Structure formats: structure tokens, C-alpha cells
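Step one of this worksheet: look at the structure below.
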Amino acid sequence: SITGTITASTGAQQIEVPVAINGIELGGGDPFSATWALTANDDPVVDGQATAAAAKVEGMVKYGNTSTHGILVSTSEGGAWVKAEDDSPNQYVQFTVTAPDSRILNINNIAMTLCGRGGGGVRCHVYYSTDGFATRTTIFDSGAMTSGEFRNVSATPVIKLEDGEQLQIRVYPWYTSDATGKWLCIKDVVVSGQSKDAAGVNITGSITYA
């Protein structure tokens, strides 16, 4: 509560009125997270006020989901790849978080686990974008990946999404030689932060004239 005095004067007359304001803060932020375990399916689990879509496999072939390695992908059937020097803009796995109506998402954590399976030629880049990939930010460049060795990706960006805006995270893999029986594995993708009322912090309450 806030207390004080209002003073009003006219000519030689002056009046002082004691005032008490009782306020309540509304809004602020509440934790949220979207998690794609990818061990049984491609669907996210959302905790808090946010929206997330199922993982999207674009221009690639999904082998399946496993309890140990998550989702397995390659560029062709049978874990096949054509030799490449870098990622292709048309081949990726995407994860999307959207700010619900009348909400703001302040995102400060992106994490996932990756590994190559079947061979050591898998490479990948991980990017995020808030404008549909007109621009993008790199959060991981794998370099050489040892087959079966999990790599943890962790980033602490400062991202603000207003109602209806999206964060898209994409994993772009390639292979350094022609190959079969090789996959990129992705699991335990997490996006988290704070979700708040888009109206911001509101003060409501009452004014009492003592």
C-alpha cells in the first residue's frame, strides 16, 4: 500500500486530505517450457502458457523414434546420404514455439542432444530464427561427430515473442561422403523462459480517503 496526502488550495484556504492506495500487481512472468523428447513420437510436451508444434522433418527421411537416440533422420531411405560440403537449405528438422494470443514469451534457453549413428561423417548446424528464416542465428556447429557419442547443445539467447510470433529452431545435417546406414539422431529438445500477459504489469486497487 501507498499512503500520502493530497493538498488543495484556493486563495488563502488550503485543505489536506490523507490518502491510502492499496495496489495489487497483476501480470509479471511465469515459467514455461516446451520439450520434445522424441523417444516415442514427434510431439512436444508444454508446461505453462506457450504453444508448440510437432517436430517437422523437411526434405529428409525419418527412420523412426527410439528410446535411446530419439528421432533418426537421413537424406534418403536406408540411412543413405549423398556427399556434401555443407548443409542444404531444404533439408532440416524444425521445432517451433509460438506466443499465444495476449501473451509475451521471453525465451532464455534452448537445448538439445545430438549424435551420429552408424558412422563418423555426420555433421550438422543448429540455427534459430524469429522471422521465418529470413535471418538466422547459429547456436551450434558440430564439426566432426564420433558415431554414438552424444553432443549436448545449449544456448542462452535473449528472445522476445509477442502474441502470434514464432521461434523456429532448425537442425541442418549433411554427410561428408556418399554413405548408407547412417543417421543423425536428435532428442531432448527444450525451449524455456517466461510467459507473461501482453498487457504487462497492471496495478489495480482502491483509493481510500482517511
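Summary table below
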quantity: Distance (nanometres) between label positions extended 7 Å along Cα→Cβ at VAL45 and GLU165; calculated: 2.9
quantity: Whole-number accessible area per residue in Å² for segment 78-187, which is evaluated in the context of all protein chains at 1.4 Å; calculated: 43
quantity: Gain on full stretching of the segment that runs from ILE15 to ASP131 - 0.36 nm per residue minus C-alpha separation; calculated: 36.0 nm
quantity: Proximal lysines to LYS182, defined as alpha-carbon separation beneath 30 angstrom and excluding residues fewer than eight positions away on the same chain; calculated: LYS56, LYS62, LYS83
quantity: Share of carbon and sulfur in the accessible heavy-atom surface of segment 58-210 [1.4 Å probe, %]; calculated: 45
quantity: Inter-label distance for ASP30 and VAL61, nm, one decimal - labels placed 7 Å from Cα along Cα-to-Cβ; calculated: 4.5
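The values are calculated or read from the model by the stated rules, or taken from the named source; none is laboratory data. Not measured: the values here are computed from a predicted model. Every residue, glycine among them, receives a Cβ derived from its backbone with ideal geometry; neighbour counts consider all protein chains shown. SASA here: full protein model, heavy atoms, side chains in, ligands and nucleic acids out. Shrake-Rupley method; radii C 1.70, N 1.55, O 1.52, S 1.80 Å.
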